[in-house]
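Data block below; observations after.
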Amino acid sequence: MLDKRNLYRLPWSMNDNPIAWLEVTDVCNIHCDGCYRQHLTGHKPLDQVKDEILFFKQWRNPDNVSIAGGEPLVHPQILDIVAFIARQGIKPIVLTNAMALTPELLRDLKKAGLAGFTIHIDSRQNRPQWKSKTEAELNELRQYYADMAAAVGDICVVFNSTVYPSTFHEIPAVVTWGQANIDRVHGLVFITYRTRGVEDTAAIDSNGREVDFSRLSYTSERFDEKFVTSPEVYRAIKESCPEYEASAYLGGTVVHDSFKWLMGAVIGNRKKIYGSVGKKTVEIAQSGHHFFCGTYLAYLSCPEVGLKAFLTAPSDRTVRQAWANWLKDVTRRPRGLFERIYVQSVGIIQAPDLQSDGRADMCDSCPDMTVYDGKLINSCRMDEYRLFGGFVSVVDRAGKDTRAGR
């Protein structure tokens, strides 16, 4: 059972956060259910993108810039954007569906300074030739991109997927595949699906005027299934990997016991998972990185850590157990002493939830804030600003006031 006392509360804040969410375009080459963004303006000019990067550098203090959209790889100046971020001493990470990714573009991106990818693949995307595929069947596509990145080398690769009530049972298939590729898949992220129904509701903008809430891409006419939560995803991961333990979290802005970001990392190799990183190791990593580098940490530059993975065993009981499992394995199988050891992150994000009193339980110290009109706002709700000038309220036809959220 998850207990916040056994987890490290990540020390991130609005002005000191390892992640900056840079949206370079709202153009995309496919459609994903529950997407935050719709096509309204197109590609941002390079000068505007550079200004936003410098804004992040001044007011966000990021370790990396997540280059997002839309689909960032369709931006005609994506190489210039990556190179500019790298020149600022910040890691460029591209968040992509990878449909536009080719070996040639990957080599050019690496040459420009790319640090890594987060690749979104799931069964509710409108991918040509991959429609109606299960998550297990989509592991073939994940493998293709993981192998492509491995061929280039020194590129961090994370795969994320949206978890729907109908695909929740397939989480173990993705986890098992990821851990079989721990040498080239540096992280997995599972994002719980959220939507907001528009039936029998009216949306009100900040000036009290009614607006058409159905214009937002993350609303639906009706959704009657029970949403999946972070603790449920955590338990599903442990079904396929009992050695997995969560180690850090971000809570919600409204609900005291919610887990909006739930982070963990396993230690192992292609043959065996020995255990997980614990809360003390994450605390040391975050504090140490901030002390020596000036920023908190979001992406590992080198997931192959070797025996250094066990250095915190004296102060971290979770790592101590992993160390004991490794010793037991190499005693039984001595050649394991020479096998490489990796750390693979496994994260869970529970998207904002609408509460019965109308408030939206957002991610506390939101890692995915973006720039809009000269200020930092939650990227998942930016279309409310773009369409209606700010966050909107939702009032049901019976008169009950609710806050818009996902």
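For the condition of a type in the set (Gly, Ala, Ser) and either in contact with a Phe, Trp or Tyr (Cβ under 6 Å, 6 or more places away or on another chain) or closer than 26 Å to GLY89 by Cα (or both), what is the one hit in SER258, SER315, SER287? Talk me through it step by step, then tell me what you get.
Values: SER258 fails: either in contact with a Phe, Trp or Tyr (Cβ under 6 Å, 6 or more places away or on another chain) or closer than 26 Å to GLY89 by Cα (or both); SER315 fails: either in contact with a Phe, Trp or Tyr (Cβ under 6 Å, 6 or more places away or on another chain) or closer than 26 Å to GLY89 by Cα (or both).
Within the list SER258, SER315, SER287, the selection yields SER287.
Looking at the range 1-18, is at least one residue in a strand (DSSP E or B), of a type outside the set (Asp, Glu) and within 30 Å of ARG215 (Cα to Cα)? So that I can check it myself, show each step before the final result.
First, the residues of the range 1-18 that are in a strand (DSSP E or B): 8-9.
Right, trim to of a type outside the set (Asp, Glu) and you get 8-9.
If we keep only those that are within 30 Å of ARG215 (Cα to Cα) too, we end up with none.
No, the range 1-18 contains no residue that is in a strand (DSSP E or B), of a type outside the set (Asp, Glu) and within 30 Å of ARG215 (Cα to Cα).
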>> For the range 324-346, give me each residue that is in contact (Cβ under 8 Å) with a residue 60 or more places away in the chain and outside any helix (DSSP H, G or I).
In response: GLU339, ARG340, ILE341, TYR342, VAL343, GLN344, SER345, VAL346
> Tally time: how many residues in the range 42-74 are of a type in the set (Asp, Glu) and under 26 Å from THR102 (Cα atoms)?
Replying inline: 1
>> Of everything in the range 249-272, what is touching a helix residue (DSSP H, G or I) at 6+ places or on another chain (Cβ under 6 Å) and under 24 Å from VAL228 (Cβ atoms)? Give them in sequence order.
In response: PHE259, LEU262
> Restricted to the range 303-318, and to residues that are part of a helix (DSSP H, G or I) and modelled with pLDDT under 95, which residue is nearest to LYS279 (Cα to Cα)?
Replying inline: ALA309
> Can you name the condition, by its number, that GLN321 falls short on among (1) in a loop (DSSP other than H, G, I, E, B); (2) touching a residue at least 24 places away in the same chain (Cβ under 8 Å); (3) more than 21 Å from GLY187 (Cβ to Cβ)?
Replying inline: (1)
> Assuming GLY374 fulfils every condition listed in (1) farther than 30 Å from CYS156 by Cα; (2) at pLDDT 90 or above; (3) touching a strand residue (DSSP E or B) at 6+ places or on another chain (Cβ under 7 Å); (4) not charged (D, E, K, R) apart from one, which condition is it?
Replying inline: (3)
> So, of the residues in the range 380-399 that are over 15 Å from ALA360 (Cβ atoms) and assigned to a loop (DSSP other than H, G, I, E, B), which turns out to be modelled with the highest pLDDT?
Replying inline: GLY389
>> Just the residues that are among the hydroxyl-bearing types (Ser, Thr, Tyr), over 19 Å from ASP361 (Cα atoms) and at pLDDT 95 or above, please, taken from the range 209-266.
In response: TYR234, TYR244, SER247
> So ILE348 clears everything in (1) modelled with pLDDT of 95 or more; (2) within 21 Å of PRO242 (Cα to Cα); (3) out of contact with any Ser or Thr (no Cβ under 7 Å at 6 or more places or on another chain) except one condition, right? Which one?
Replying inline: (3)
>> Anything in the range 362-377 that is out of contact with any helix residue (DSSP H, G or I) (no Cβ under 9 Å at 6 or more places or on another chain) and crowded, with 21+ Cβ neighbours inside 10 Å? List them, or say none.
In response: PRO367
> Restricting the search to the range 7-38, which residues are at pLDDT below 95 and farther than 13 Å from PRO72 by Cα?
Replying inline: HIS31, CYS32, ASP33, GLY34, CYS35, TYR36, GLN38
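The values are calculated or read from the model by the stated rules, or taken from the named source; none is laboratory data. What you see is a predicted model, and the numbers here were worked out from it, not measured in a lab. In this analysis, Cβ positions are derived from the backbone assuming ideal geometry, glycine residues included, and neighbour counts consider all displayed protein chains.
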